[in-house]
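K.L.:
Please read through the structure below; I'll follow up with questions.
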Amino acid sequence: MNLVARQDRALLVGLAVALVVVFAKPIRYLLDLASEVERSSGLALVPALIILTVVFVVHQQGKRGEARAHAAMAEADAQESATRAAEMELLVTFGQALGRSLDLDTIRAVVAEHLPKLAETSGAWVMLYADGQWVSLTESAADGSDRVRACERAVERAVISEAVRESSAIVREGHVCLPMTAGGRPVGVLGIPQPAAPLSDGRERLLTMATALLAIALRNAQLFHEVRENSLRDGLTGCFNRTHAMAVIEMELRRARRTGLPVSLIMLDIDHFKKVNDRYGHLCGDAVLAAVGARMREVLRGSDLKCRFGGEEFLVLLPETPIEGAKRVADTLCRDLASLKIRWKDETLAITASLGVAVAYPAEFDTPALIGRADAALYRAKHHGRNCVRLSMEAAVAEPAFNETTV
């Protein structure tokens with residue numbers, strides 16, 4: 001700390017001059033005494049005194065300079081500590097928010113909120129690597145082939161190549177890219193537009209840690225989605241299981257009551273499936289079920305719920321679809337299944353299916369009742385020769401043009 005302010009130095013100089021004036025006679029006496037001693041003893045006291053005084057002043061100046069340097073270093077350390085504390089606070093907040101996120105939508109919201117602060121730019125972006133494709137996680141990366149190329153090159157260098165395993169920043173296509181990996185697998189790339197000056201070590205370190213947190217969160221979300229999907233789907237056919245279907249049907253009925261839009265249901269049963277098992281064995285029956293499930297996923301819309309209801313029975317829920325639309329879908333599915341050829345050992349199997357169609361009543365909440373009407377229509381199709389589509393009784397009366405139609 002400087003005890004003497006700059007404006008007080010003039011006062012000190014004046015005080016020193018006054019002291020010299022006041023003590024002029026004693027000073028002259030001391031100088032004369034020193035000269036007398038020098039003449040009598042041959043010693044050079046005055047030059048030595050001047051040298052000691054100069055050395056003392058220089059030493060004091062050096063100490064003050066060293067003190068100022070230490071103070072500057074302490075201030076710089078304090079600023080760096082404050083900066084690191086702020087960075088760690090941002091990083092901890094980011095990590096806590098990611099820790100509460102188990103799906104991509106939530107992670108996307110967290111990234112949109114925190115990434116600009118961490119990267120100190122609104123142009124930061126994140127691209128995911130899923131199923132062999134690059135998908136944007138941030139709006140700023142929604143369209144840009146240069147970013148896709150940057151991601152591909154960054155991953156090729158830092159992930160796919162066995163020679164490089166670092167997570168350091170890589171400059172590609174005008175972007176600073178940090179590859180995200182989890183468990184040795186590519187998850188995505190975090191990038192920012194290349195700044196005019198290189199990233200500081202602290203900023204690169206912060207982004208590297210943020211990238212690691214984001215990679216783990218994304219991988220956890222992928223695993224959570226896979227586990228959830230596996231728990232909801234039938235492992236043989238790839239269709240949803242009965243428990244999940246019942247919950248979705250109930251939810252769609254509630255939504256239909258709010259919106260007033262129709263909901264239709266198709267129940268499908270493979271004709272003479274028991275004969276397939278009896279003649280070719282249950283492994284062949286499994287192959288038939290798997291082929292039917294695959295064809296249903298190919299033919300039907302992604303928004304249509306495909307469910308294995310039990311045994312060789314399937315359900316198809318058609319949201320926002322009236323009975324006539326459901327009838328057309330059922331006809332198409334019936335024809336496609338009839339044309340399906342299934343290879344089993346040295347033989348080619350052909351199958352057919354019977355389908356029943358029902359539509360939900362206005363304001364209906366009774367899921368079992370809707371399924372029961374579709375099941376009754378299915379058995380009418382069985383009774384009328386199989387390989388055909390039948391509507392539930394109330395729909396057949398309301399829509400006579402579709403009644404008793406055989407494919």
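K.L.:
For ALA112 and ARG343, what does the FRET efficiency come to when R0 = 51 Å and r is the distance between their Cβ atoms, rounded to the nearest 0.05?
P.N.:
It comes out at approximately 0.55.
K.L.:
When the dipole is taken about the Cα centre of segment 234-402, and only Lys, Arg (+1) and Asp, Glu (-1) are charged at their Cβ, what size is it in debye, to the nearest 20?
P.N.:
The dipole magnitude comes to about 180 debye.
K.L.:
What are the ³J(HN,Hα) couplings of segment 333-346, residue after residue, when phi is run through the Karplus curve with 6.51, -1.76, 1.60 and θ = phi - 60°? Round to Hz, x for glycine and proline.
P.N.:
Karplus-based 3J(HN,Hα) across segment 333-346 equals 5, 4, 5, 5, 5, 5, 8, 6, 10, 10, 7, 9, 6, 9 Hz.
K.L.:
Let me ask something else. Could you give the dipole magnitude of segment 317-360 about its Cα centre, charging the beta-carbon of Lys and Arg +1 and that of Asp and Glu -1, in debye to the nearest 20?
P.N.:
120
K.L.:
Just for the Cα atoms in segment 260-407, what are the lengths along the principal axes, largest first, rounded to whole Å?
P.N.:
Taking max minus min along each principal axis of the Cα atoms, segment 260-407 gives 51, 30, 23 Å.
K.L.:
While we're on this one: Let's see if you can work this out: charge +1 on each Lys and Arg Cβ, -1 on each Asp and Glu Cβ, no other charges. What is the dipole magnitude of segment 181-249 about its Cα centre, in debye to the nearest 20?
P.N.:
80
K.L.:
Too long at a 24 Å Cα-Cα cut-off: which of LYS274/LYS306; LYS274/LYS327; LYS345/LYS382; LYS275/LYS382?
P.N.:
LYS274/LYS327; LYS345/LYS382
K.L.:
Work out, step by step, the length gained on full extension between ASN220 and GLU89: first 0.36 nm times the residue separation, then minus their alpha carbon distance; give nm to one decimal.
P.N.:
My answer for the length gained is 44.9 nm.
Throughout, read-outs are computed from the coordinates displayed, never taken from laboratory work. Since this is a predicted model, take the numbers as computed values, not measurements. Note that each Cβ is placed from the backbone with ideal geometry, even for glycine, and that neighbours are counted across all protein chains shown.
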